[in-house]
Amino acid sequence: MNREQLLKKIDTPWAALRASYAGLNEAQLAQPGVTGDWSVIDILAHVSAWENEALTHLPHILEGKRPPKYSDLYGGIDAFNALKVRESRAVSPAEVLTRVEATHRQLVDYLESAPAEQLATETRFRRRIRLDTYSHYPIHTQAILEWRKQQGL
């Protein structure tokens, strides 16, 4: 896979995720119950947290280091997810949306200059990208779309 293919592989499901919540007002974005007690805005904060994790750990992977285990740092991935959503609830939905867009742009910018050999095959680097982006977005896109259908939105 070359850089252009990877960026398209990220952009297509990203655009679908953005479309899944387009047109929702702030109250709708903050309504719990989309996935468990998570709202759309909680889901977006969660997605952004994982993109931020990619930004944090991809440089370490290039250095040959292994990211720390979430079980060691947070008590597991579920605990990490819950922590990041709790943190995001301390700011307005508008601020979360701003952060989501900024983090995504930072990640894309980073990948535009990442070493091509790390993108060409299924390296640890590219696996991290896949898990934190294009294989992650569709899960939440589908949840939002199903919730919107149930809500008549």
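Where a number appears in this text, it was derived from the coordinates with a stated rule and is not lab data. Predicted, not measured: the structure shown is a model, and the values here were computed from it. When we count neighbours, we look across all protein chains shown, and the Cβ atoms used for this are built from the backbone with ideal geometry, even at glycine.
No other residue among 58, 73 is more than 24 Å from residue 32 (Cα to Cα) and surrounded by 18 or more Cβ atoms within 10 Å (Cβ to Cβ) apart from 58.
Kindly evaluate residue 48 against the criterion of being surrounded by 13 or more Cβ atoms within 10 Å (Cβ to Cβ) and not in a helix (DSSP H, G or I). It is false that residue 48 is surrounded by 13 or more Cβ atoms within 10 Å (Cβ to Cβ) and not in a helix (DSSP H, G or I). Looking across the range 65-101, the residues that are aliphatic (A, V, I, L, M) and over 16 Å from the mean Cα position of the chain (by Cα) come down to 73, 79, 90, 91, 94. Applying the set (1) in contact (Cβ under 8 Å) with a residue 60 or more places away in the chain; (2) of a type outside the set (Gly, Ala, Ser); (3) within 27 Å of residue 63 (Cβ to Cβ) to residue 147 leaves exactly one unmet item: (3).
Considering (1) touching a residue at least 40 places away in the same chain (Cβ under 8 Å); (2) surrounded by 13 or more Cβ atoms within 10 Å (Cβ to Cβ); (3) of a type outside the set (Phe, Trp, Tyr), the lone condition that residue 91 does not fulfil carries the number (1).
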